[in-house]
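Here is the structure we will look at, set down as structure tokens.
The numbers here are math on the coordinates, done by the rules we state, and not lab data. Keep in mind it's a predicted model, so treat the numbers as computed, not measured. Quick reminder, even Gly has a Cβ in these numbers, built from the backbone with ideal geometry, and neighbours come from all protein chains shown.
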Amino acid sequence: MRVQPITCYRPAPHAAETFAALPYDVFNRAEAAAYVADHPGSFLAIDRPETAFGPDQDMYAPEVYTKAGELIRAKAYEGTLLKDTTPCFYLYRLEMDGRSQLGVVAACSVAEYESSIIKRHEKTRPNKTADRVQHIRATGAQTGPVFLTYRDNAAIDIIVSVARSASPLYDFTDEQGVRQTIWRVARPVAVDALADAFSLVPCAYIADGHHRASAAAQVAHDLRAEAGDPDDELPSDMFLAVLFPASQLYVMPYNRVIVDTAGLDEDALLDAIAQAGFEVGAAQTDPVEPDEARRFGLYAFGSWHELRYVGEAPDASVDPARSLDVSILQERVLGPILGIDDPRTSKRIQFVGGIEGTAGLERRAGTDGLAFSLCPTTVDQLMAVSDADELMPPKSTWFEPKLRSGLFIRRV
């Protein structure tokens, strides 16, 4: 893999804790507006610039993206953002609930993304990619890193371990209780060693940030065309990323809520699920939190049921995407029984990250809907699907903790 050090704008140390923000896409519009109202100095005001306007404003209008550019320049002018002009790597550690993951902040190749050296596992939606394209063009920068993972590499581990023996650049605990620690790796010998070690890594996988990667690729093509396709590399030919070893990642389930019962009463629903190849457990009050494949929880009509799939399933070695629990649930229950034929576009389905827990599923389902809890998709399954050039169903993985945006702003 081709992995390069970056130059970037980053927050002044005193401002990092209040400036860094969760990614733009974990908020809906109302949540983003409320958060920015309470945290006006947050990067989310730049990441979601519609928050500077009223609720009736078209959030994709040109003036909204112009506002993002104005805000980021203002932060640089006032000193909230500092310009780091020395090409360097950064080490980014996140610690949550006694677990930690330590990644390398770097620039990765758009060409390698397009040639599947950097592998994807989800479809992207044109409107969501277009939003991030306009944001990059208006700010002149890549502001949210793409979350990549790679199979563990002992040489990289050793270099990273030595580099983080220095004093950190930032060290704070965010509102979610996640400790964020960042080191700067600027010594030429260490920079070269990391780049050389990554050159021996055959591929990486997008864990989160498919739309950010897609947008970076589109901007790279646009700027190259506007420049007359120069021979020299442009900054936009690389994109901002954080690369984590796979063994350190924590995946939570990505559960499903259906807002109604598709007109089925309790007996008809449970009978249809049984006919679809599931053993249906007795009603219980305790939530079902599956911890192995082929087991699911169903919350319906005020009770929980454990579901165990015993029907035929595709061989994971032949068809890794269709063998996933999220695929079995979609193909056996959500589609044929509940009428969710296209989960990407249906208004009747909600995807709920495991961070909300089963209490969140019960609350969202209420008295009129249904909820399904799932066993988390594993990183190995993600890699197998990507290696097979297949795509997962939407919202198959929920990674925690989330990377903060605004800590590294890479100008293109």
Item to check | Relative packing of 171-178, 30-37, 147-154, which averages over residues the other C-beta atoms within 10 Å, highest first | outcome: 147-154, 30-37, 171-178
Checklist entry - For the range 254-375, what is the convex hull volume of its Cα atoms per residue in Å³? => result 100 Å³
Checklist entry - Given LYS123/LYS347; LYS67/LYS402; LYS119/LYS402; LYS347/LYS402, which pairs have Cα atoms separated by over 22 Å? => result LYS67/LYS402; LYS347/LYS402
Checklist entry - Going by average Cβ neighbours within 10 Å, how do the peptides 299-305, 311-317, 4-10 rank, with the highest at the top? => result 4-10, 299-305, 311-317
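When only Cα pairs under 8 Å and 6 or more residues apart are kept, what is the percent relative contact order across the range 254-375? Please report the intermediate quantities before stating the final value.
Values: 210 pairs, mean separation 53.8, N = 122.
44 percent.
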Item to check | Inter-part distance where the range 326-341 and the range 152-191 are each reduced to a Cα centre, Å | outcome: 43 Å
Item to check | Degrees, to the nearest 10: 126-139 long Cα axis against longest axis of the chain | outcome: 20 degrees
Checklist entry - Dipole of the range 254-375, Cα-centred, from +1 at each Lys and Arg C-beta and -1 at each Asp and Glu C-beta, to the nearest 20 debye? => result 380 debye
Item to check | Two-site label geometry, GLU31 and ASN127: point separation in nm, points 7 Å out along Cα→Cβ | outcome: 1.8 nm
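Within a Cβ distance under 11 Å of VAL3, other residues only, what is the Lys/Arg minus Asp/Glu net charge? Let's see the in-between values first.
Working: positive: ARG2; negative: GLU112, ASP196.
Net charge in that neighbourhood comes out at -1.
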Next on the checklist: What is the angle, in °, between the Cα long axis of helix 210-226 and the longest principal axis of the Cα atoms in the chain? Nearest 10 is fine, range 0 to 90.
Outcome noted: 40 degrees
Checklist entry - Among residues other than LYS119 whose Cβ falls under 13 Å from its Cβ, what is the net charge (Lys/Arg +1, Asp/Glu -1)? => result -4
Checklist entry - Hey, if you put +1 on the Cβ of every Lys and Arg and -1 on every Asp and Glu Cβ in the chain, which of GLY144, TYR60, ALA12 ends up farthest toward the positive end of that dipole? => result ALA12
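For ALA274 and ARG308 in the same chain, what is the full-extension length gain: residue separation times 0.36 nm, less their Cα-Cα distance, in nm?
Numbers: separation 34, 0.36 × 34 = 12.24 nm, distance 0.95 nm.
That pair, ALA274 and ARG308, stretches by 11.3 nm at full extension.
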Item to check | Förster-model FRET efficiency, 35 Å R0, HIS221 and ASP97, C-beta, rounded to 0.05 | outcome: 0.30
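Assuming R0 = 41 Å, can you tell me the calculated FRET efficiency for the pair ALA155 and THR18, based on Cβ-Cβ distance, to the nearest 0.05?
0.65
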Next on the checklist: As I understand it, the value is the acute angle between the Cα axis of helix 62-78 and the longest principal axis of the Cα atoms of the chain; what does it come to in degrees, rounded to 10?
Outcome noted: 50 degrees
Checklist entry - For the chain, what is the per residue volume of the convex hull drawn over the alpha-carbon atoms, in cubic angstrom? => result 150 Å³
Checklist entry - Local charge sum around PHE19 (other residues, Cβ-Cβ under 14 Å, Lys/Arg +1, Asp/Glu -1)? => result -2
Checklist outcome for this item: Label model pair THR66, LEU391: point-to-point distance (7 angstrom along the Cα→beta-carbon line) in nm is 3.5 nm
Item to check | Global geometry of the range 71-134, whether rounded, prolate or oblate, following the gyration tensor of its Cα atoms and the 1.5 cut on a/c | outcome: oblate
Next on the checklist: Quick check: residue separation of VAL162 and ARG348 times 0.36 nm, minus the Cα distance between them. What number comes out in nm?
Outcome noted: 61.9 nm
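Assign unit charges at the C-beta atoms only (+1 for Lys and Arg, -1 for Asp and Glu), then state the dipole size of the range 10-131 relative to its Cα centre in Debye, rounded to the nearest 20.
Details: 14 positive and 18 negative charges, 77 e Å.
The dipole of the range 10-131 has a size of about 380 debye.
Nearest 500 deg cm²/dmol is fine: what mean residue ellipticity at 222 nm does the chain get from its DSSP H runs of n ≥ 4 alone, each adding -39,500 (n - 2.57), divided by its residue count? Spell out each step's value before the answer.
Values: 13 runs with 125 residues, N = 412.
Mean residue ellipticity at 222 nm (helix-derived): -9000 deg cm²/dmol.
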Checklist entry - Which value in nm describes the separation of the simple spin-label points at VAL189 and GLN248, placed 7 Å from the Cα toward the beta carbon? => result 2.3 nm
